[in-house]
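Q: Below is a structure I'd like to ask you about.
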Amino acid sequence: MGQKASWLALLLLAGCGPQRTPPAKLTFGGLPVRGSLADASAAGFTDCVQPDWDTMRCRRHKVMFAGAGPYEAAVDLVGHDGSGGFDQVILWHTQDQYAVYKITDVLDRTGWTNCSTGDGERGDQIVYSRAGAPVRISMDLSYWGKRRVRLLPIGNTRERRC
């Protein structure tokens, strides 16, 4: 392949990654749920890595949510440079997969309703919602790996609902 063809191939590859405008900023409970890389950085999500070509994960450590924690938290941004923004925040505990139940205990006490996705009552997610809240809160029920809690904007239609 000649030099001109090599440059053309490089330019084409550069345009292959996801392209999108970052979603509008949304925060809930002191955490960024949706927004741009600048929004994530301003909220302390500054420990960033590129796990693959088209995503960037930025983490924040020792996060408190709903009076519980500390947890690890992350936002997954679209684009290798994070320019496409993010549309959920993920919380987990590095050593105790049951620690996130403290969050669901608070949700249960404060009037959030829940349902399970999956097969009957053996769902793979428990999803919390409350009238007027701008987010749904989804917790893994699986015992494999680290149990996560995700705060999802109401408009996020890619995630399972029940």
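The values are calculated or read from the model by the stated rules, or taken from the named source; none is laboratory data. Here the structure is a predicted model, which means the values were calculated and not measured. Quick reminder, even Gly has a Cβ in these numbers, built from the backbone with ideal geometry, and neighbours come from all protein chains shown. Ligands, DNA and RNA are stripped out before the accessible areas are found, and what is left, the full protein with its side chains, is counted by its heavy atoms. Shrake-Rupley method; radii C 1.70, N 1.55, O 1.52, S 1.80 Å.
Q: Go through (1) surrounded by fewer than 19 Cβ atoms within 10 Å (Cβ to Cβ); (2) without any contact (Cβ under 8 Å) to a residue 24 or more places away in the chain one by one and return the number of the condition Gly67 breaks.
A: Failed condition: (2).
Q: In region 78-95, what count of residues is obtained for those that are free of Cβ contacts under 8 Å to residues at least 60 places away in the same chain, in contact with a strand residue (DSSP E or B) (Cβ under 9 Å, 6 or more places away or on another chain) and either of a type in the set (Asp, Glu) or open to solvent by 20 Å² or more (accessible area, probe 1.4 Å) (or both)?
A: So the count comes out to 4.
Q: Here's a follow-up. When the residues of region 46-64 are narrowed to those that are of a type in the set (Val, Ile, Thr) and surrounded by fewer than 16 Cβ atoms within 10 Å (Cβ to Cβ), which ends up nearest to Ser142 (Cα to Cα)? Break it down into steps so the answer makes sense when it comes.
A: Here is the first cut: in region 46-64, the residues of a type in the set (Val, Ile, Thr) are 46, 49, 55, 63.
Imposing the further condition that a residue be surrounded by fewer than 16 Cβ atoms within 10 Å (Cβ to Cβ) reduces the set to 46, 49.
Numbers: Thr46: 29, Val49: 26 Å.
Ranking the qualifying residues of region 46-64, first place goes to Val49.
Q: Under 6 Å between Cβ atoms, at least 6 apart or on separate chains: pull out the pairs that start in region 41-55 with a residue that is aromatic (Phe, Trp, Tyr) and end on any residue that is assigned to a loop (DSSP other than H, G, I, E, B).
A: Close Cβ pairs satisfying both conditions: Trp53/His80.
Q: Can you name every one of the strands (runs of 3 or more DSSP E) wholly within region 19-58 that holds 1 or more residues which are more than 15 Å from the chain's Cα centre (by Cα) and more than 12 Å from Ser83 (Cβ to Cβ)? Walk me through how you get there before you give the answer.
A: Working: elements: 26-28, 31-34, 47-52.
Correct list: 47-52.
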